[in-house]
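This report concerns only the one structure given below.
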Amino acid sequence: MLAVYLLWSANSQVAQTKPDGGTKPVPQDRIADVQLLGVNDFHGNLESPRSLPRNGVPVKAGGAEYLDAYLNDYEARNPERTIRVHAGDMVGGTPLISSHFHDEPSVYAMNEMEFDVGTLGNHEFDEGGREMLRMINGGQRDDGLQFKDGADGQPVNTSDPNFPGAQFPYIAANTEYRDSGENVLPPYKVVRRDGIDVGFIGVTTEDTPNIVVPDAISPFRITDISESVDRYVAELKAQKVETIVVLAHSGGFYDSQQKATGEVLSETAEMSDDVDVVIAGHSHSKLNDCVDDQTGQTRTAEKVGCAEDKLVVEAFSAGTAFDAVNMKVDRRTKDVIGSTGEVVTTFQDGVRPDAQTAALVKDYKDRIAPVANRVVGTAAADIPTTANPAGESPMGDLIADAQRRFAGADFAFMNPGGIRAPISAGEVTYGELFTVQPFDNQVVKMQLTGNQVYGVLEQQFGADGRTRILQVSGLKFSYNSTNSAGQRITGVTLPDGTPIDRSATYTVAANSFIATGGDGFTVFKQGQSPQTLGSDLDALEAHIDDLPTPFTAPDPATEQRITKQG
């Protein structure tokens with residue numbers, strides 16, 4: 001990208017700086033308007049996840065068939081010059097309608113949306129590299145995890161034997177095999193539209209190793225974003241590709257001064273000036289900003305666009321929005337001489353859904369209904385996820401109890417980030433339980449010493465400055481977060497108040513995410529004789545089935561397990 005170009009909106013021409021410092025207009029007939037339609041963080045939301053306000057009135061937004069209809073409409077406005085892209089997390093962390101079928105419905109929906117290129121997000125790694133590559137390359141799942149509980153509660157293989165995988169390329173410039181250093185996927189893809197070659201480079205957040213199950217990410221290395229981009233910018237430039245777009249599963253937010261900040265902004269500032277546009281993701285936020293090539297500072301691109309610098313856009317999540325980017329490309333130099341971005345909310349009202357995608361969604365909705373609607377119990381009252389000041393919640397206690405009982409363990413630990421929804425009073429269905437624990441983690445049983453239990457609890461106060469208070473069963477603990485590191489846990493006892501024995505060995509249950517070191521709980525990896533017993537969802541359902549009907553959750557107000565002392 002040449003920083004010397006300026007967009008003249010007044011006369012629909014572009015001014016190009018001459019060697020003597022003056023400007024001359026680029027004729028309009030020499031400019032190609034290339035459109036990018038970008039989606040990020042879809043997370044398998046085939047159905048609308050929520051309503052959003054429009055003129056003060058809540059209107060449903062999202063749904064695969066509506067998102068597809070919007071993309072079709074915007075492409076019709078600029079046919080032959082439109083490229084559809086995504087910035088990762090299209091699968092993983094998905095609703096039951098997709099997860100139950102191993103996220104194959106999400107890939108089918110992406111194929112219906114006719115993406116031209118996409119990149120990996122951290123959630124594509126959730127079930128390991130083998131499954132990630134199956135999502136891309138196709139084939140029926142056969143790793144032993146292809147079975148899900150059917151409508152009768154019995155296991156059934158829910159993977160399609162004819163699953164084709166993604167019918168568009170995935171790219172990943174900063175994901176390497178740890179043992180060989182080779183790229184897992186091609187680092188870039190060139191897409192040609194109306195005589196313009198557009199080079200796309202894909203990258204994912206450098207935080208991926210910290211937020212993915214360690215065993216799933218361990219075969220891979222995530223390298224520096226901007227360094228990886230610049231390496232392949234050089235290769236694209238050598239191929240005479242001057243229009244360069246980064247698909248970055250990396251995000252940011254607006255701070256209290258409405259200034260864009262975060263990983264994708266700082267990494268974009270470090271990228272080569274030859275990068276023109278960054279399609280961002282990961283943070284589920286909205287971005288529409290210019291990053292100054294010279295200073296790295298950000299400024300809004302709303303309405304005015306970016307004449308000289310890199311445009312960074314992100315469109316919320318779950319298919320409730322997409323970004324529409326227009327790049328003005330000089331046909332002679334192939335340089336982007338101006339870009340604008342728009343984040344479009346996919347309101348359903350007044351929009352005719354895409355018929356083929358709607359049929360796909362209906363098919364899977366009909367297939368999942370008997371599973372989702374199976375009643376597993378009756379809740380006597382609402383069971384909230386809201387934690388008290390000490391960090392303990394009724395839902396957290398219920399889940400920890402379920403996993404301890406499932407494993408027949410002395411203690412159980414549950415990470416708060418894995419608790420995604422409350423339970424409402426009344427009949428509770430399997431679909432509702434799935435929204436509580438949607439990640440398909442396994443319950444792992446192991447042996448830890450009392451001293452290691454203290455070590456696990458000390459790791460609640462992470463080196464990254466974040467505090468993650470574990471939900472517990474079979475023990476009580478107290479903490480003072482103002483104490484020095486390693487001294488924050490002030491006591492650990494059995495429910496009757498007896499201190500645990502630091503030298504004794506206890507059996508412990510935890511989900512596979514933290515059991516393998518997720519969220520920084522690496523002490524679990526020291527556990528002896530680990531056994532994987534079954535899914536956390538199965539554990540919760542079995543526990544509810546064993547409770548008196550209607551069932552209740554422990555009340556931290558009367559059965560306090562966690563005490564905050566400072």
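If a residue has to be of a type in the set (A, V, I, L, M) and assigned to a helix (DSSP H, G or I) to count, how many in segment 49-67 make the cut?
First, pick out the residues of segment 49-67 that are of a type in the set (A, V, I, L, M): 52, 57, 59, 61, 64, 67.
Now drop any that are not assigned to a helix (DSSP H, G or I), which leaves 64, 67.
Of the residues in segment 49-67, 2 are of a type in the set (A, V, I, L, M) and assigned to a helix (DSSP H, G or I).
Scan segment 168-182 and give yes if some residue there is polar (S, T, N, Q), closer than 21 Å to Val278 by Cβ and out of contact with any Asp or Glu (no Cβ under 6 Å at 6 or more places or on another chain), otherwise no.
Filtering segment 168-182 for residues polar (S, T, N, Q) gives 174-175, 180.
Subset that is closer than 21 Å to Val278 by Cβ: 174-175.
Remaining after also requiring out of contact with any Asp or Glu (no Cβ under 6 Å at 6 or more places or on another chain): 174-175.
Yes - at least one qualifying residue is present in segment 168-182.
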>> With the structure loaded, tell me whether Gln239 is surrounded by fewer than 23 Cβ atoms within 10 Å (Cβ to Cβ) and within 30 Å of Val34 (Cα to Cα) or whether it fails that test.
In response: yes
> Exactly one of (1) without any contact (Cβ under 8 Å) to a residue 40 or more places away in the chain; (2) buried (at least 19 other Cβ atoms within 10 Å of the Cβ); (3) in contact with a helix residue (DSSP H, G or I) (Cβ under 7 Å, 6 or more places away or on another chain) is unmet by Gly486. Its number?
Replying inline: (2)
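Going by what's in this entry, would Asp255 be described as at pLDDT below 95 and on the phi < 0 side of the Ramachandran plot? Working first, answer last.
Numbers: at pLDDT below 95: yes; on the phi < 0 side of the Ramachandran plot: yes.
Criteria met by Asp255.
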> Exactly one of (1) in contact with an Asp or Glu (Cβ under 6 Å, 6 or more places away or on another chain); (2) at pLDDT 95 or above; (3) surrounded by 14 or more Cβ atoms within 10 Å (Cβ to Cβ) is unmet by Asn441. Its number?
Replying inline: (2)
>> I'd like the full set of residues that are in a loop (DSSP other than H, G, I, E, B) and aromatic (Phe, Trp, Tyr), limited to segment 150-184.
In response: Phe163, Phe168
>> Here is a list: Asp292, Asp273. Which entry is among the charged types (D, E, K, R), in the same structural domain as Ala248 (by TED's automatic domain parsing), modelled with pLDDT of 95 or more and farther than 19 Å from Gln258 by Cβ?
In response: Asp273
> Which residue out of Val291, Val312 is within 14 Å of Gly338 (Cα to Cα), in contact with a Lys or Arg (Cβ under 7 Å, 6 or more places away or on another chain) and of a type in the set (A, V, I, L, M)?
Replying inline: Val291
>> If a residue counts only when it is within 27 Å of the chain's Cα centre (by Cα), among the β-branched types (Val, Ile, Thr) and under 30 Å from Gly56 (Cα atoms), which strands (runs of 3 or more DSSP E) contained entirely in segment 329-431 have at least 2 such residues?
In response: 336-345
>> For segment 516-547, give me each residue that is within 14 Å of Gly455 (Cβ to Cβ) and not polar (S, T, N, Q).
In response: Gly517, Gly520, Phe521, Val523, Phe524, Lys525, Gly527
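Residue-wise test of (1) closer than 22 Å to Phe521 by Cβ; (2) assigned to a strand (DSSP E or B).
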position: Pro186; (1), (2): no, no
position: Lys189; (1), (2): no, yes
position: Arg192; (1), (2): no, yes
position: Asp197; (1), (2): no, yes
position: Phe200; (1), (2): no, yes
position: Glu206; (1), (2): yes, no
position: Asn210; (1), (2): yes, no
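Scan segment 369-388 and give yes if some residue there is more than 19 Å from Glu432 (Cβ to Cβ), at pLDDT 95 or above and assigned by TED's automatic domain parsing to the domain that holds Gly518, otherwise no. First the steps, then the outcome.
Going residue by residue through segment 369-388, those that are more than 19 Å from Glu432 (Cβ to Cβ) are 387-388.
Next cut, at pLDDT 95 or above only: 387-388.
Narrowing further to those that are assigned by TED's automatic domain parsing to the domain that holds Gly518: 387-388.
Among the residues of segment 369-388, at least one is more than 19 Å from Glu432 (Cβ to Cβ), at pLDDT 95 or above and assigned by TED's automatic domain parsing to the domain that holds Gly518, which makes the answer yes.
Given the criteria in the same structural domain as Ser535 (by TED's automatic domain parsing), over 27 Å from the mean Cα position of the chain (by Cα) and either modelled with pLDDT of 95 or more or surrounded by 15 or more Cβ atoms within 10 Å (Cβ to Cβ) (or both), does Gly450 qualify?
Values: in the same structural domain as Ser535 (by TED's automatic domain parsing): yes; over 27 Å from the mean Cα position of the chain (by Cα): yes; either modelled with pLDDT of 95 or more or surrounded by 15 or more Cβ atoms within 10 Å (Cβ to Cβ) (or both): yes.
Yes: the conditions hold for Gly450.
Name the residues in segment 467-479 that are surrounded by 14 or more Cβ atoms within 10 Å (Cβ to Cβ) and in contact with a Ser or Thr (Cβ under 9 Å, 6 or more places away or on another chain), would you? Can you show your working first?
If we filter segment 467-479 for residues that are surrounded by 14 or more Cβ atoms within 10 Å (Cβ to Cβ), which is where we start, we get 468-479.
Hits for segment 467-479 are Gln471, Leu475, Lys476, Phe477, Ser478, Tyr479.
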>> Under 6 Å between Cβ atoms, which residue pairs at least 6 apart in sequence (or on different chains) link something in segment 503-516 that is free of Cβ contacts under 8 Å to residues at least 24 places away in the same chain with a partner that is part of a strand (DSSP E or B)?
In response: none
>> If I ask for residues that are more than 15 Å from Pro95 (Cβ to Cβ) and touching a residue at least 24 places away in the same chain (Cβ under 8 Å), which ones from segment 39-59 would you list?
In response: Val39, Asn40, Leu52, Arg54, Val59
> Only one of these conditions is not met by Ala76: (1) part of a strand (DSSP E or B); (2) without any contact (Cβ under 8 Å) to a residue 24 or more places away in the chain. Which number is it?
Replying inline: (1)
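The values are calculated or read from the model by the stated rules, or taken from the named source; none is laboratory data. Note that the structure is a prediction, hence the values are computed from the model and not measured. Here the Cβ is made from the backbone with ideal geometry for all residues, glycine too, and neighbour counts use every protein chain on show.
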